[in-house]
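The values are calculated or read from the model by the stated rules, or taken from the named source; none is laboratory data. Values in this document were obtained by computation on a predicted structure and should not be read as measured data. Cβ: placed from backbone, ideal geometry, glycine included. Neighbour counts: every protein chain shown. With ligands, DNA and RNA removed, areas are computed over all heavy atoms of the protein, side chains included. Shrake-Rupley method; radii C 1.70, N 1.55, O 1.52, S 1.80 Å.
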Amino acid sequence: MRIFIGIDFGEGQKEAIMKVQGSLRNIAQGRFTRAQNLHLTLNFLGEVDEAKLSDVFRAVDEVAAETKFFSLAIGRLGQFPSGRKKIIWLGMEGSKELYELYDRLSEKFGKIGFMKEERPYSPHLTLAREAKLEKPLDTVDVSPLSGIGMAEVTEITVFESTSRSGVLEYLPLHSAKLL
Ligand code: 2AM
């Protein structure tokens, strides 16, 4: 099973994000993320044996039980890589708590035998894949985001990433509430 730990967003936040995506659709072609798939990835574990899932759930529970809820500002639009077909994302404004949560999870997953991610954590919320831009990204209207301000993070979720006939689906398997 392809597993990652992520943060889900509330309906109001998803609505605002989808409005920004709507504006992006005016200047780009690509595979756009569906509203139900909007999330922020914390730790990506990759292929996990079903037998190891309960260890993953326990690790998430333990970290959640020692982490206070926090706020996250959904910030600027960005893209990578710089080639012709890009991933377009919304970045999170530097939240110390988010990075601390990521580090705590990484440490815990290291202890139960998962490889540490070499690349630095780059929190982003993917709006579109394989995107081809017809105009610069700064022409996208991001004003709906100012309406939602800070997103409160109160729980973390273990997701299974599946692809059925090319349609990506992220199934929540287990959630743990932060303090
Ligand atoms: P993406 O949106 O940039 O593709 C499920 O695939 C989630 O895990 C997505 O948020 C995806 O990020 C992320 N993801 C996929 N492969 C990854 C990897 N090797 N390292 C970190 N995150 C990854």
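Residues being over 19 Å from residue 163 (Cβ atoms) and among the polar types (S, T, N, Q) are represented in segment 39-48 by at least one member. One residue is enough: does segment 30-51 have a residue meeting the conditions away from the ligand (no atom under 16 Å from the Cβ), over 22 Å from residue 172 (Cα atoms) and either touching a residue at least 60 places away in the same chain (Cβ under 8 Å) or not in a loop (DSSP other than H, G, I, E, B) (or both)? There is no residue in segment 30-51 that is away from the ligand (no atom under 16 Å from the Cβ), over 22 Å from residue 172 (Cα atoms) and either touching a residue at least 60 places away in the same chain (Cβ under 8 Å) or not in a loop (DSSP other than H, G, I, E, B) (or both).
Listed here are the residues, each with its yes/no results for (1) within 14 Å of the chain's Cα centre (by Cα); (2) buried (at least 19 other Cβ atoms within 10 Å of the Cβ); (3) in a helix (DSSP H, G or I); (4) β-branched (Val, Ile, Thr).
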| residue | (1), (2), (3), (4) |
| --- | --- |
| 91 | yes, no, no, no |
| 105 | no, yes, yes, no |
| 110 | no, no, yes, no |
| 114 | no, yes, no, no |
| 122 | yes, no, no, no |
| 135 | no, no, no, no |
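Taken over segment 1-26, the residue count meeting the criterion of being of a type in the set (Val, Ile, Thr), outside any helix (DSSP H, G or I) and more than 12 Å from the ligand (Cβ to nearest atom) is 0.
Residue 31 fulfils the conditions (1) open to solvent by less than 70 Å² (accessible area, probe 1.4 Å); (2) more than 20 Å from residue 151 (Cα to Cα) except for a single criterion, (1). Within segment 2-44, being hydroxyl-bearing (Ser, Thr, Tyr) and under 13 Å from the mean Cα position of the chain (by Cα) holds for 33, 41.
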